[in-house]
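*Asks:* Input: one structure, supplied below.
The values are calculated or read from the model by the stated rules, or taken from the named source; none is laboratory data. Only a predicted model underlies this, so the values are computations on that prediction, with no experimental measurement involved. All Cβ positions, glycine included, derive from the backbone under ideal geometry; neighbour counts span all protein chains shown. Areas reflect the complete protein model, heavy atoms only, side chains present, ligands, DNA and RNA absent. Shrake-Rupley method; radii C 1.70, N 1.55, O 1.52, S 1.80 Å.
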Amino acid sequence: MQFIIEETYEDVSRAAADIIAEQIQSKPAAVLGLATGSTPIGTYEELVAKFKRGEVSFEDITTFNLDEYAGLDGDHDQSYRWFMNHHLFDNVDIDKVRTHVPSGNSDDPEKMCEDYEKAIEEAGGVDLQLLGLGHNGHIGFNEPCDEFPVATHYVELTRSTIEANSRLFNSIDEVPTAAYTMGIGTIMKAKKVLLLATGEGKAEIVKKAFKGEVTPQVPASILQSHPDCTIILDKEAASQL
Ligand code: F6R
């Protein structure tokens, strides 16, 4: 694991966007694994700025997002499909046909999850997977549990995740209580992983996940054994390392 410690959130976003842009420049038809949440918003803004300056093109890029809330349609403004369209896809030259987000309202969720895994494989696997970090150590929506989940699956969200995500909804009762997420196995198959964490609130879990024991109770800890994982932190998130 390689740590990059930056001064501010904006510096983290710039550093992450530079690494993603390098990936695209070295392989214009790369497969990117993408994340939602507050952390990568600045990275997407930087990537859009790079696109507008003509420094990077998403024309041949394929994307797979980590997760989606169960029960939300892609048109819902809290869905992760909506988030990705709004923050990235609508602002660059990507072909939306090649952007994938698990369906939140499939009639056959089991098949949807299997098909998602197959589609990643058929695309040649993820070249670079972008991740945020949950306060409980989750990556994607792989919540603390007894065994690392392997593939894309349905998951009930923990109370702490529901509470953390309620800031984006009108009330906590509106937060979906379940989601579909890539598994830890899916994430670990990515050729390169780039995890971002910022702010003092993440300091404790950063230390636990990357300096503590590797355990499914702290799902992100598995990244300690990934062969090419870069963690970009601001000073606050790195403060307990
Ligand atoms: C989002 C995702 C989650 C978030 C995590 C951190 O697609 O998979 O694991 O990365 O909950 O969220 P923020 O960035 O809002 O602190």
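*Asks:* Please compute the contact order of the chain in relative form: average sequence separation of alpha-carbon pairs under 8 Å and at least six residues apart, divided by the residue count, as a percent.
*Replies:* Numbers: 507 pairs, mean separation 61.1, N = 241.
Reported as a whole number, the value is 25 percent.
*Asks:* Continuing with this model, one more query. Carbon and sulfur atoms: what percent of the 1.4 Å accessible area of the chain do they account for?
*Replies:* Values: 5040 of 10680 Å².
Summing carbon and sulfur atoms, their accessible area is 47 percent of the total for the chain.
*Asks:* What net charge is computed for the residues neighbouring P227, neighbours being all others with C-beta under 14 Å from the C-beta of P227, Lys and Arg scored +1, Asp and Glu -1?
*Replies:* +1
*Asks:* Between I4 and D107, how high is the FRET efficiency from 1/(1 + (r/R0)^6) when r is the Cβ-Cβ distance and R₀ = 51 Å? Nearest 0.05. Present the calculation step by step, with values, prior to reporting the outcome.
*Replies:* Values: r = 43 Å, r/R0 = 0.85.
Taking R0 as 51 Å, the efficiency between I4 and D107 is 0.75.
*Asks:* When the chain is modelled as a GNM with alpha-carbon springs shorter than 10 Å, which of A220, A16, A164 fluctuates the most?
*Replies:* Result for the chain, Cα springs under 10 Å: A164 fluctuates most.
*Asks:* Assuming R0 = 41 Å, what is the FRET efficiency of H135 and K96, from their Cβ-Cβ distance, to the nearest 0.05? Show your work: numbers first, answer last.
*Replies:* Details: r = 32 Å, r/R0 = 0.78.
It comes to 0.80.
*Asks:* Would you mind calculating the relative contact order of segment 114-175 from Cα pairs under 8 angstrom and at least 6 residues apart, reporting the percent as a whole number? Please list the in-between numbers first.
*Replies:* Numbers: 35 pairs, mean separation 14.6, N = 62.
Answer for segment 114-175 is 24 percent.
*Asks:* Need the full-extension length gain, Y154 to K235, defined as separation in residues times 0.36 nm minus the C-alpha distance. One decimal, nm.
*Replies:* Values: separation 81, 0.36 × 81 = 29.16 nm, distance 3.46 nm.
So the chain would gain 25.7 nm between Y154 and K235.
*Asks:* I would also like to ask the following. With the cut-off at 31 Å, tell me which of the pairs K111/K211; K27/K208; K96/K208; K118/K211; K189/K235 have Cα atoms farther apart than that. Numbers along the way, then the final one.
*Replies:* On the way: K111/K211 37 Å; K27/K208 34 Å; K96/K208 37 Å; K118/K211 33 Å; K189/K235 29 Å.
The pairs that break the limit, which is 31 Å between Cα atoms, are K111/K211; K27/K208; K96/K208; K118/K211.
*Asks:* Give the relative contact order (percent, whole number) for segment 1-109; include only Cα pairs under 8 Å separated by 6+ residues. Walk me through the numbers on the way to the answer.
*Replies:* Numbers: 143 pairs, mean separation 29.1, N = 109.
RCO, segment 1-109: 27 percent.
*Asks:* Then there's this: Please work out, to two decimal places, the log10 of the ratio I(q)/I(0) at q = 0.25 Å⁻¹ from a Debye calculation in which every Cα of segment 1-90 carries one identical scatterer.
*Replies:* -1.36
*Asks:* Assuming a ≥ b ≥ c are the square roots of the Cα gyration tensor eigenvalues, decide whether the chain counts as rounded (a/c under 1.5), prolate (otherwise, with a/b larger than b/c) or oblate.
*Replies:* Details: a/c = 1.28, a/b = 1.02, b/c = 1.26.
Since a/c stays below 1.5, the shape of the chain is classed as rounded.
*Asks:* With every protein chain present, what is the per residue accessible area of segment 26-162 (1.4 Å probe, Å²)? Each step should come with its number before you reach the end.
*Replies:* Numbers: 6010 Å² over 137 residues.
Value returned for segment 26-162: 44 Å² of accessible area per residue.
*Asks:* Around L131, with a cut-off of 12 angstrom between Cβ atoms, what is the net charge of the other residues, counting Lys and Arg +1 and Asp and Glu -1?
*Replies:* Details: positive: K192; negative: D67.
Taking every Cβ under 12 Å from that of L131, the sum is 0.
*Asks:* A follow-up question, please. I'd like the distance between the alpha-carbon centres of segment 118-158 and segment 51-107, rounded to an integer number of Å.
*Replies:* Between the Cα centre of segment 118-158 and that of segment 51-107, the gap is 17 Å.
*Asks:* How would you classify segment 116-241 from its alpha-carbon gyration tensor, with a ≥ b ≥ c the square roots of the eigenvalues: rounded for a/c under 1.5, else prolate if a/b is greater than b/c, otherwise oblate? Intermediate values should be presented prior to the final figure.
*Replies:* Numbers: a/c = 1.65, a/b = 1.07, b/c = 1.54.
Oblate is the answer for segment 116-241, as a/c is 1.5 or above yet b/c matches or exceeds a/b.
*Asks:* Can you tell me how segment 40-95 classifies by the Cα gyration tensor, rounded, prolate or oblate, using a/c under 1.5 as the rounded cut?
*Replies:* On the way: a/c = 2.50, a/b = 1.99, b/c = 1.26.
Note, shape of segment 40-95 comes out prolate.
*Asks:* Give me a comma-separated list of calculated 3J(HN,Hα) values for segment 47-54, in order, Karplus coefficients 6.51, -1.76, 1.60 applied at θ = phi - 60°, integers in Hz, x for any Gly or Pro.
*Replies:* These are the phi-based 3J(HN,Hα) values: 5, 4, 4, 4, 4, 5, 7, x Hz.
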